[in-house]
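The values are calculated or read from the model by the stated rules, or taken from the named source; none is laboratory data. These numbers come from a predicted model, not from an experiment. Virtual Cβ from ideal backbone geometry, glycine too; neighbours counted across all protein chains shown. Just so you know, the surface numbers come from the protein's heavy atoms only, side chains and all, with ligands and any DNA or RNA stripped out. Shrake-Rupley method; radii C 1.70, N 1.55, O 1.52, S 1.80 Å.
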Amino acid sequence: MNVTFEQVRDIVADAISCDLEQVKPETNLYDDLEIDSLDAVELSMALQEALGVGIADEDLEKIKTVDDIVQYLRSKE
(Lines give C-alpha, C1' and ligand atoms only; values in the text may rest on other atoms or scores of the structure.)
Protein backbone atom coordinates (compact mmCIF):
# COMPACT_ATOMS: atom_id res chain seq x y z
CA MET A 1 0.00 0.00 0.00
CA ASN A 2 1.27 3.45 -0.91
CA VAL A 3 0.25 5.81 1.89
CA THR A 4 -1.14 9.09 0.57
CA PHE A 5 -1.52 12.49 2.18
CA GLU A 6 -5.28 12.26 1.64
CA GLN A 7 -5.51 9.01 3.60
CA VAL A 8 -3.51 10.44 6.48
CA ARG A 9 -5.45 13.74 6.38
CA ASP A 10 -8.75 11.89 6.70
CA ILE A 11 -7.50 9.78 9.60
CA VAL A 12 -6.02 12.80 11.41
CA ALA A 13 -9.20 14.85 10.98
CA ASP A 14 -11.34 11.98 12.24
CA ALA A 15 -9.07 10.98 15.12
CA ILE A 16 -8.75 14.47 16.58
CA SER A 17 -12.13 15.80 15.45
CA CYS A 18 -11.04 18.72 13.31
CA ASP A 19 -12.03 20.00 9.89
CA LEU A 20 -10.30 18.54 6.83
CA GLU A 21 -9.38 22.08 5.74
CA GLN A 22 -7.22 22.43 8.87
CA VAL A 23 -5.07 19.45 7.91
CA LYS A 24 -2.38 20.28 5.35
CA PRO A 25 1.04 18.67 4.85
CA GLU A 26 2.74 21.51 6.75
CA THR A 27 0.21 21.54 9.60
CA ASN A 28 1.97 21.20 12.95
CA LEU A 29 0.10 18.68 15.08
CA TYR A 30 0.98 20.36 18.37
CA ASP A 31 0.99 24.06 17.48
CA ASP A 32 -1.75 24.20 14.84
CA LEU A 33 -4.06 21.37 15.91
CA GLU A 34 -3.18 21.57 19.61
CA ILE A 35 -2.98 17.83 20.21
CA ASP A 36 -1.46 16.44 23.39
CA SER A 37 0.43 13.22 24.02
CA LEU A 38 -2.77 11.24 24.56
CA ASP A 39 -4.15 12.52 21.25
CA ALA A 40 -0.87 11.45 19.58
CA VAL A 41 -1.23 7.90 20.92
CA GLU A 42 -4.87 7.76 19.81
CA LEU A 43 -3.85 9.03 16.37
CA SER A 44 -1.20 6.33 16.10
CA MET A 45 -3.79 3.68 17.00
CA ALA A 46 -6.19 5.09 14.38
CA LEU A 47 -3.42 4.93 11.76
CA GLN A 48 -2.64 1.34 12.78
CA GLU A 49 -6.28 0.35 12.49
CA ALA A 50 -6.89 2.08 9.15
CA LEU A 51 -3.58 1.47 7.38
CA GLY A 52 -2.05 -1.46 9.20
CA VAL A 53 0.92 0.57 10.40
CA GLY A 54 1.17 2.93 13.33
CA ILE A 55 3.84 5.13 14.83
CA ALA A 56 6.10 3.48 17.39
CA ASP A 57 5.87 5.09 20.82
CA GLU A 58 9.54 6.08 20.75
CA ASP A 59 9.01 7.82 17.38
CA LEU A 60 5.90 9.79 18.37
CA GLU A 61 7.91 12.69 19.78
CA LYS A 62 9.78 13.06 16.46
CA ILE A 63 6.56 13.49 14.48
CA LYS A 64 5.64 17.18 14.30
CA THR A 65 3.71 17.72 11.04
CA VAL A 66 1.18 15.83 8.98
CA ASP A 67 3.84 15.36 6.29
CA ASP A 68 6.11 13.80 8.95
CA ILE A 69 3.38 11.18 9.47
CA VAL A 70 3.12 10.49 5.74
CA GLN A 71 6.91 10.15 5.35
CA TYR A 72 7.20 7.97 8.46
CA LEU A 73 4.47 5.60 7.28
CA ARG A 74 5.96 5.41 3.79
CA SER A 75 9.31 4.45 5.32
CA LYS A 76 7.60 1.52 7.08
CA GLU A 77 5.97 0.09 3.94
Problem - Index of the failed condition, Gln71 passing every other in (1) within 14 Å of Asn2 (Cα to Cα); (2) in contact (Cβ under 8 Å) with a residue 40 or more places away in the chain - result: (2)
Handout entry: Output for region 25-45, where each listed residue is open to solvent by 30 Å² or more (accessible area, probe 1.4 Å) and outside any loop (DSSP other than H, G, I, E, B)
Key = Asn28, Ser37, Leu38, Asp39, Val41, Glu42, Met45
Completion exercise
Of the residues in region 49-73, those that are open to solvent by 80 Å² or more (accessible area, probe 1.4 Å), at pLDDT 95 or above and not in a loop (DSSP other than H, G, I, E, B) come to Glu49, Gln71
Exercise for the section: State which residue is farthest from Gln71 (Cα to Cα) when the search covers only region 18-45 and only residues that are among the small types (Gly, Ala, Ser) and either at pLDDT 95 or above or under 12 Å from the mean Cα position of the chain (by Cα) (or both). Expected result: Ala40
